[in-house]
Every structure is written in structure tokens, then in C-alpha cells.
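The values are calculated or read from the model by the stated rules, or taken from the named source; none is laboratory data. What you see is a predicted model, and the numbers here were worked out from it, not measured in a lab. Positions of Cβ are backbone-derived with ideal geometry, glycine not excepted, and every protein chain shown enters the neighbour counts. Remember, those area values only see protein heavy atoms, side chains included, never the ligands or the DNA or RNA. Shrake-Rupley method; radii C 1.70, N 1.55, O 1.52, S 1.80 Å.
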Amino acid sequence: MAATFSVDPHRYVGRSEPFKRPKEFASFSYDKDHKFHLNDSSIKWYYPPHPLNQPLYIDLSKGFSSFVKHDDSQDEHLDSLLKTIAHHESETKSPIDANIVTWRGMMTKIMAAPFDDDGFEMNATSYRGTIFIEENHAFKVKRNAEQNANQSRRRGPIPPEVMQFWGYKFETLCTLPRPWGETSRDYIEGREDEIVNNNEQYCSVVRTGIGKTILCLGGEVDALWDSKPRQKGAPINWVELKTSAEIRSANDQFFFNKKLMKFWIQSFLLGVPKIIVGFRTRDGFLTKIEEMETMSIPNKMKSTPNAPWDGDVCINFAAGFLEWLRQTINDDGVWRIRRLPKSYEIEVFRIEEAGHGEIITDEFMNWRIKL
Ligand code: A3P
Ligand code: MG
Ligand code: MG
């Protein structure tokens, strides 16, 4: 029998539960071949292609044929996050204090659930007082294939792979692999021809809290605004880069407002203070770049008539759900966290009576036993 938790937004209206500002305590990089490194080597610096508010017309499809695309058919579980946590624990000689460890993407799905009717499936297991949550990879592969097929049917001439490329192309156009002063003019001016490679990523690992639950989250951050402060835990001026279709009608504005919820949650969870939106034509030409303060987005929604979401509800729902989840996953084995598309509840049930599935690596368990 599954335990269930309602996602009905009406239940979570009210002043927001407390949340802790996310603090980065560790990080790692994937290089151009998606090889893991315990360092900051894949950080990028934000530097837009032209001064803001000037007319632009840049082809975001250019270079699609040479796109070096990450092979996401492999299930990477939580492996890189666990390696990074184990390294941190070896330095501090004590286990981290999080109640829950997961990728930022999983928390984004949970926080968005009251206003988003997408389905999701995750696997969870408890180990030494911490719950580890991964995405159910088989579900993700199936869902992506279905979404691509739907998109091809609905949107007409542009293949979904090309539309996905636009987002990565925008990142390449707007970032530098070194700070501006250390980058050649040739690189800066030649970025339209740079090969786009999404194997490369910098991931920030933060400690944060929602309601009574302490979380350790790992997630990709796109670029730095200026530089990383020397002091650990100090706020970092990260920027999140996003693309979106130009807003030409009230209907477009409504859909953009809906998208803003995911932009906000994703950035809020890692403490990313600024979101840079590249607006594009329907056929993928970048025409305008706009900067937004992450913190201002939920307030802007509050003053929007018929707003499609409410940030306080997202936070209150997540606070309640996480507390409930910690009581529900009260035994050994592997548990499934599932939300069926359009369903009004999240279900949690056990799928394996013992062990930790492939959620936690042996390497990590052996490491923890020593602590
Ligand atoms: P856009 O969000 O600008 O479309 P992120 O913004 O999270 O750093 O991701 C970079 C790009 O990866 C996205 O750019 C999009 O092209 C692609 N992407 C991210 N998540 C995706 C998803 N769930 N499905 C399809 N594409 C995705
Ligand atoms: Mg990114
Ligand atoms: Mg981005």
C-alpha cells in the first residue's frame, strides 16, 4: 500500500515556512569528455555577446551539426555527488548533517508539484539517518522520448533536438572559460563559431534547509557574474542562463510566467541570485537578453492578476512533504516516490525490502562505515 501526500495548492497557502540560504560547501566539474574532477575547472564567466538592450539577431541553430552532446542514456545515479560528499567528509572528519541528499533537479520537481502536472518517479533509500534520492532513470528515458515525439507532432518544422540545442548554444555565446581579462579577444569575438559541448559542467554542492529539513543538494550552475569569494559559504554571484520564446501576446506572457516558476525554483535551491533570459524568435534567433533578480520573481507573481503559481505555496508544500517523507521512509530497502501525470498526490511505496539498490555506491558506504 502506498502512502500518499496531497499536492493541492490550496492546502499550503499562507506565510512561507523558514528556509536557509544555500551555502556551497563543495563542488566538482565534468570536463569536455564528461570525466569527473574534484575541482572548479569547468566554471564559466558570464559575458554577453553584445551590450544589453541593443538589437540582436544571432542564429542559435548555428553549429548544431557539430554539437558534442552528452550521452544521457547512462544512469549516473548519485555517484558524482557522493564522491564529492565523501571527499568533503574526509577533510572535515565528520559526516554531513543533511536529512536528505539529492540532485537539485529532484527538489525542483517536488517544489513545483502543486502547480505543475508533470509526472515523476524517483528512488529513495535511507542510510545512517540520511535519505538519498535519485531519479528513476528508466522513467526519465521513456518520458523524454514521449515528450520529443509529442513536440515533433505539435510544433511543426523544427526538430526537438535542435530546439534543445538552442539553450546550450546560448550558454556558449554568453560565457567565457576564463575571466574576461584572461580571455583573448579572438575567443570573445569568435564565440558564434565555438563548438557547443554539454559534457562540460560545473556543479555546486550546497547545504540548505526548507522548514525543518536540512538538505544537501548538488546541481549545475551556468556561470559566475564576477568571481568566487574566497570565504567558504559566502554568497556567490552565480547566474543561470535560460532561453525562451519572445513574448508577443497575453497568451505568450502567461506561458512565460508559468516557465518562470521552474527558473525561480531551480535558482532559489542553489542560491543563484540572477537569471539571464535570452529571448528568441520561434525559429531560433536570439533577439534580446534580459537580466532578472531571482528573489524578485515570486513578488512579481504576487502582483500579477491570475498568476499561475505562488512561491510561498511551493516552499510550504516542500517543507510539509519533506517532513512527511522522512517519517514515511522508516525502514530498510528501496522506496519509490511517484507522481502520476495530473495526479493530485505523490505516492511513496517500497519496491525492494532490503539493500540500497544502486542509489548509494559501495565506495560511499565503505567510506561512511569508517567515520
Ligand atoms: P533552456 O532552459 O534555455 O531551454 P539549464 O538551463 O538547466 O542550465 O539547461 C540548459 C539547457 O539544457 C536548456 O536550455 C535546454 O536546452 C536543455 N534542457 C535542460 N533541461 C531539459 C529538459 N528537462 N528537457 C529538455 N531539455 C532540457
Ligand atoms: Mg545549465
Ligand atoms: Mg541554464
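Here are a few things to note about the model shown:
- Candidate set from the stretch 105-148 (those that are under 18 Å from the mean Cα position of the chain (by Cα) and among the small types (Gly, Ala, Ser)); member that is surrounded by the fewest Cβ atoms within 10 Å (Cβ to Cβ): Gly119
- Some residue of the stretch 302-318 being in contact (Cβ under 8 Å) with a residue 12 or more places away in the chain, open to solvent by less than 70 Å² (accessible area, probe 1.4 Å) and under 16 Å from Ile133 (Cβ atoms): yes
- Criterion (within 18 Å of the chain's Cα centre (by Cα) and either on the phi < 0 side of the Ramachandran plot or open to solvent by 70 Å² or more (accessible area, probe 1.4 Å) (or both)) met by exactly one of Leu56, Leu81, Leu38: Leu81
- Set side by side, the residues Asp193, Asp186 differ, and just one is acidic (Asp, Glu), free of Cβ contacts under 8 Å to residues at least 12 places away in the same chain, away from ligand 1 (no atom under 16 Å from the Cβ) and open to solvent by 50 Å² or more (accessible area, probe 1.4 Å), which is Asp186.
- Residue in the stretch 346-356 that is open to solvent by less than 50 Å² (accessible area, probe 1.4 Å), on the phi > 0 side of the Ramachandran plot, more than 27 Å from the chain's Cα centre (by Cα) and not hydroxyl-bearing (Ser, Thr, Tyr) present: yes
- Strands (runs of 3 or more DSSP E) wholly inside the stretch 1-118 that include at least 1 residues being in contact with a helix residue (DSSP H, G or I) (Cβ under 6 Å, 6 or more places away or on another chain) and modelled with pLDDT of 95 or more: 3-6, 19-30
- Restricting the stretch 217-241 to residues that are open to solvent by less than 50 Å² (accessible area, probe 1.4 Å) and within 11 Å of ligand 3 (Cβ to nearest atom), the residue that is farthest from Ile289 (Cα to Cα): Gly219
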